[in-house]
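See below for the structure under consideration.
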Amino acid sequence: MSTTHVLLGLLSQGARHGYELKRDHDQRLPGAKPLAFGQVYATLGRLQRDGLVTEAQRDRAGGPDRTSYALTDAGRAALDQWLDAVEPPAPHVTSTLLAKVTVALLAADADRARRYLTAQRQAHTERLRELTRAKTAPDATLGEVVAADYAINHLDADLRWLDTTVGRVADLHREAHQ
């Protein structure tokens, strides 16, 4: 995820200070890892240095200074360029799940690999249930539904792969030990 571009996107709706940007990020991307305040302010510093944001206002309302930042024309152009760029499909498979299955087939017997795959399938299935409950909750926001749909589709693909792989364990184990 590009924190830079997410913050630019949030600022496209109007000037905000760091606390508001963190809050908006965490609300708008409910399935993402929450941003740390340090990450927000470090990113804002780089964006300001690069001319993509500017100080809009500095307030001191009974506490420390609060600086609001606004998107510049250059920031809007950078955001538009990022939004127009198609994300290429990942050229390499980088998955802990794939690595663990491969190592299980190399380091353990076929029965242990099957047990791992079965346990992993159970964990994926339980997460699918959690996400389905979350997205169908009466108070679910559109952002929560979209994030849940994304995760559900990825889990579904993992489950199909796990099912296919369980059927191939004996052959894969034999091939790994030739």
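The values are calculated or read from the model by the stated rules, or taken from the named source; none is laboratory data. For clarity, every value in this text was computed on a predicted model and none was experimentally measured. As a convention, Cβ positions derive from the backbone with ideal geometry for all residues, glycine included, and neighbour counts pool all protein chains shown.
Table for the structure above
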quantity	calculated
Verdict on T125 being in contact (Cβ under 8 Å) with a residue 12 or more places away in the chain and over 17 Å from A32 (Cα atoms)	yes
The stretch 45-60: number of residues that are β-branched (V, I, T) and surrounded by fewer than 12 Cβ atoms within 10 Å (Cβ to Cβ)	0
Some residue of the stretch 58-66 being at pLDDT 90 or above, outside any strand (DSSP E or B) and over 30 Å from T118 (Cβ atoms)	no
From the options A42, A15, residue that is in contact with a strand residue (DSSP E or B) (Cβ under 9 Å, 6 or more places away or on another chain), surrounded by 12 or more Cβ atoms within 10 Å (Cβ to Cβ) and over 30 Å from K135 (Cβ atoms)	A15
Contacts under 7 angstrom Cβ, first residue in the stretch 72-86 being assigned by TED's automatic domain parsing to the domain that holds L10 and assigned to a helix (DSSP H, G or I), partner surrounded by 12 or more Cβ atoms within 10 Å (Cβ to Cβ) and among the β-branched types (V, I, T), 6 or more apart	G75/V53
Residue selected from the stretch 1-24 under the condition at pLDDT below 90 and within 27 Å of L155 (Cα to Cα), by the criterion nearest to the chain's Cα centre (by Cα)	M1
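A quick yes/no check of all residues on (1) in the same structural domain as L105 (by TED's automatic domain parsing); (2) at pLDDT 85 or above; (3) in a helix (DSSP H, G or I); (4) within 17 Å of A119 (Cβ to Cβ):
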{"residue": "R133", "(1), (2), (3), (4)": "yes, yes, yes, no"}
{"residue": "V146", "(1), (2), (3), (4)": "yes, yes, yes, no"}
{"residue": "D158", "(1), (2), (3), (4)": "yes, yes, yes, yes"}
{"residue": "L162", "(1), (2), (3), (4)": "yes, yes, yes, yes"}
{"residue": "T165", "(1), (2), (3), (4)": "yes, no, yes, yes"}
{"residue": "R168", "(1), (2), (3), (4)": "yes, no, yes, no"}
